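Okay, so here's the structure we're looking at.
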Amino acid sequence: MERKRLKRFWARARLLLACGGFGGCLLAGVLAWAEASKWVFLAVLLLSLALLIAMIAVTLLFLRCPGCGKTVAIGWWNPGQRYYCSCCGRPFLFDDDPPEGGEK
């Protein structure tokens, strides 16, 4: 029986949202240090916080363990490594991972 697989799209989206959010926070810090306009600083800071909140939402909605739903899946950009749920011990399988057991 084939188990439900997570979508690699959401793992990649989470990674991009995290990079954008943390990069925006870094840019906001540089703008504050350079004494830029307070409105530009505030806009960059709010945009980066919105990206970080979106990253958390994607993680909690789409990247939970398909077995127990208690933990959050670690998903990288490319397939290849397997990570396992700390609660139920099942692997986090993504849609582009090879089948379990090595069968084709």
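Please treat every number below as a calculation from the coordinates, not as lab data. This one's a predicted model, so the numbers in the text were calculated from it and none came from an experiment. Using ideal geometry, Cβ is built from the backbone for each residue, glycine included, and neighbour counts are taken over all protein chains shown.
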Inset, instruction - For CYS68 paired with ARG12, estimate the spin-label separation in nm (one decimal), with each label point 7 Å from Cα along the Cα-to-Cβ line. - result: 3.0 nm
Legend entry - Among (i) 54, 46, 24; (ii) 38, 35, 20; (iii) 59, 24, 17, the entry derived from the coordinates for Cα extents along the principal axes in Å: (iii)
Inset, instruction - Using amide H atoms built 1.01 Å from N in the peptide plane, name the residues 5+ places from PHE94, or on other chains, whose amide H lies under 5 Å from its own. - result: LEU6
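Can you give me the relative contact order of the chain as a percent, contacts being Cα pairs under 8 Å and 6 or more apart?
Working: 122 pairs, mean separation 35.1, N = 104.
About 34 percent, as a whole number.
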Legend entry - Backbone HN-Hα couplings from phi across segment 52-68 [Karplus 6.51/-1.76/1.60, Hz, Gly and Pro as x]: 5, 5, 5, 4, 5, 5, 4, 4, 6, 8, 10, 10, 8, 4, x, x, 10
Legend entry - Cα-based helix-to-principal-axis angle, 8-33 vs the chain, degrees rounded to 10: 20 degrees
Legend entry - Under 5 Å, built H, 5+ apart or other chain: amide partners of ARG64: ALA73
Legend entry - Net length gained if the chain between ALA36 and ASP97 were fully extended (0.36 nm per residue, minus Cα distance): 17.3 nm
Inset, instruction - Could you calculate the FRET efficiency of ARG5 with LEU49 from 1/(1 + (r/R0)^6), where r is the beta carbon distance between them and R0 is 30 Å, rounded to 0.05? - result: 0.45
